[in-house]
Each structure stands twice: as C-alpha cells, then as structure tokens.
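Colleague: First the structure, then my questions, so here it is.
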Amino acid sequence: MASDNYLSDLFSLDGRTAVVTGGSSGIGRAIAGALARAGAQVVIVARRETDLVDAVGELVADGCQAAWASGDLSTRQGVRTVAEEAVAVFGEPDILVNSAAINLRPPMGELSEEVWDTTMAVNLDAPFLLGQRFGPGMAERGFGRIIHITSQQAHRASVQSGAYGASKGALESLARSQAEAWSPHGVTCNTLVPGFVKTPLNARLSGDPGKVAELAARTLVGRNGLAEDFAGAAVFLASAASAYVTGQSIFVDGGFSVH
C-alpha cells in the first residue's frame, strides 16, 4: 500500500544502529524497545547485567536485533570503555539516546560536593563524552540523531531540584550546542522532557500516593505518564521525519508544563 511505503520512508529505522543508555528500565527501556521494533539494531547500556539480559531478551524474543553493554557511566574511563564495547556489537551508531541518570536530591543546604560531582558525572558528563565520541562520526557520514532525556526541573524548581535540576538544565543547553555544531551535517540533537512518570528513578515520589494524585491532577489529560508514552516521540526524533527539528526541548508530559 502507498500509505505503508510513505510511513516507512518517514519513520523506519531499518539499517540504523542505536545506543541507548539507561535502556534497561523505565523510559530508556521503552525507547530502546521502540527503536528496535522500528527496525534499528539497538545496544542497551546500563550497569546491572540482570536487567540488561532481561531487556535484551524481551526484544530478541520479538525478533529484534538487540544487545547490551554493561558499564559505569559515573567515571570518564567507564564511559569511554562502555562506548567502545557498544560499538563492537553493531558498529558505529546513527542514534544516541542518553536516558541514564541518577536522582540524588538532598535539601540544597545539605547538598555535598560529592553528590554534586556524582550527579554531574552521570547526568551531564556522560552524555557530553558520548556525544564527543559519536557525534563527529555521525556528521562525517551525513546522518545522526542525538536524543537526551531531561526533566521538568530543567525549566522550573520543584521537589528539591538541587543538583539534579541543574544537570538537566545543562543537558538541554548541551543539546543546543551539539545542534549548532553538527546539524549542518545532518545530525539533529534534541531533548524529550517528561512529566511525572513512575520509574525507578522516581521511587521517592512514587511512594507517596497523595503526591502522585496531585501530580496527575496537574496534567491536562488527567493522568501521570507511562514509559511507553515516549515511544512515538523517540521514533520520530530518531527517524528521517525529524530532519528539520533540532535544538528543541519537546515536552511529553500530558500538558503538565502548561497547566
């Protein structure tokens, strides 16, 4: 059918390779699954091997091409090592999704240098280093997609944003800098901004039913987010369909940010 060909030309990821950090759980896992089911070869990067094996096993059982690389994104050497391990599986990536993050949010007066440094290492330094490793190659080949997962705290202070909010705000600025550098060469760089989504990263808030209900009431659709809500947006940003979208922060939040 003509419609099938049209949609395939726009959104198919056949022949593409993706690296997804934090892809063994939560939003990252949903995105990794969406990219793989859209045709990409996907390498999932995370720390816990048991979660990685489970996530990749699910995709392989669905007929997808997927593999994993376990590594520590809190050190620069750890990032460099896992990047090379990821490349060894399917080759240089066309798509990089930075979803891995840590969420340490003590009160600002109790925010230590150690928490600050660890937060910045995982949430900002790792995406920067992976961009430096993969972005120039994407630009040389004339196609690339870099997608960062950020947060409402990149735009507004709430629930003790602290170092986490600062790291996510900086990550959105990094996306704009990457877009400025590489978009003339076919590499788009954007961020997806979630509302509240029940994931392991949000365990502290998820355990408060009253707060969860309050957050759902703030949306325009009347519910909190699900990890799978990010599948379509991720495939769009990873595909040819988004060739003229770059340097943007795209809110996938049920209207949370405008209510």
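Colleague: For the chain, what % of the accessible area comes from carbon and sulfur atoms, probe 1.4 Å? Walk me through the intermediate numbers first.
Modeller: Working: 6220 of 11550 Å².
The C+S portion of the solvent-accessible surface of the chain is 54 percent.
Colleague: Once you have the alpha carbon radius of gyration of region 110-205, what is it after dividing by 2.2 N^0.38 Å, with N set to its residue count? Present the calculation step by step, with values, prior to reporting the outcome.
Modeller: Values: Rg = 14.6 Å, N = 96, 2.2 N^0.38 = 12.5 Å.
The reported ratio for this selection is 1.17.
Colleague: Long-range amide H contacts for residue 148: which residues qualify at under 5 Å (H placed 1.01 Å from N, peptide plane, sequence gap of 5 or more or a different chain)?
Modeller: 98, 190, 191, 192
Colleague: To one decimal place, what Kirkwood hydrodynamic radius in Å is obtained for the chain from all pairs of distinct Cα atoms? Can you show the working numbers first?
Modeller: Working: mean 1/r = 0.0544 Å⁻¹.
18.4 Å is the Kirkwood radius here.
Colleague: Additional query: For the residue pair residue 3 and residue 245, what label-to-label distance in nm results when each label sits 7 Å from Cα along the Cα-to-beta-carbon direction?
Modeller: Distance between the two pseudo-spin positions: 2.1 nm.
Colleague: Over region 1-157, give the accessible area per residue in Å² for a 1.4 Å probe, as an integer. Write down the numbers at each step before the final one.
Modeller: On the way: 7040 Å² over 157 residues.
Per residue, region 1-157 has an accessible area of 45 Å².
Colleague: Now a separate question. Work out how much length residue 157 to residue 85 would gain on full extension: take 0.36 nm times their residue separation and subtract the Cα-Cα distance, in nm to one decimal.
Modeller: Numbers: separation 72, 0.36 × 72 = 25.92 nm, distance 3.70 nm.
My answer for the length gained is 22.2 nm.
Colleague: Sticking with this one: Using 7 Å Cα-to-Cβ label points, what is the residue 48/residue 140 separation (nm, one decimal)?
Modeller: Computed distance between label sites residue 48 and residue 140 equals 3.8 nm.
Colleague: Continuing with this model, one more query. Taking the simple approach of a point 7 Å from Cα along Cα-to-Cβ for both residue 132 and residue 72, what is their distance in nm?
Modeller: In this crude spin-label approximation the distance works out to 2.0 nm.
Colleague: On C-alpha positions alone, give me the angle between the axis of helix 209-218 and the longest principal axis of the chain, in degrees, nearest 10.
Modeller: Tilt of helix 209-218: around 60 degrees.
Colleague: Between 0 and 90 degrees, rounded to the nearest ten: what's the tilt of helix 126-141 against the longest Cα principal axis of the chain?
Modeller: Compared with the principal axis, the helix lies near 20 degrees.
Colleague: Does a label point 7 Å from the Cα of residue 180, set along Cα-to-beta-carbon, have any residues of region 107-139 with amide nitrogen under 18 Å, and which are they?
Modeller: Within reach of a label on residue 180, which here means backbone N under 18 Å from a point 7 Å along Cα→Cβ, region 107-139 contributes 128-129, 131-132, 135-136.
The values are calculated or read from the model by the stated rules, or taken from the named source; none is laboratory data. Just so we're clear, the structure is a prediction, and the values are computed from it rather than from any experiment. So basically every Cβ, Gly included, is an ideal-geometry build from the backbone, and we count neighbours across all protein chains shown. Please note that ligands, DNA and RNA were not included when accessible areas were found on the heavy atoms of the full protein model with its side chains. Shrake-Rupley method; radii C 1.70, N 1.55, O 1.52, S 1.80 Å.
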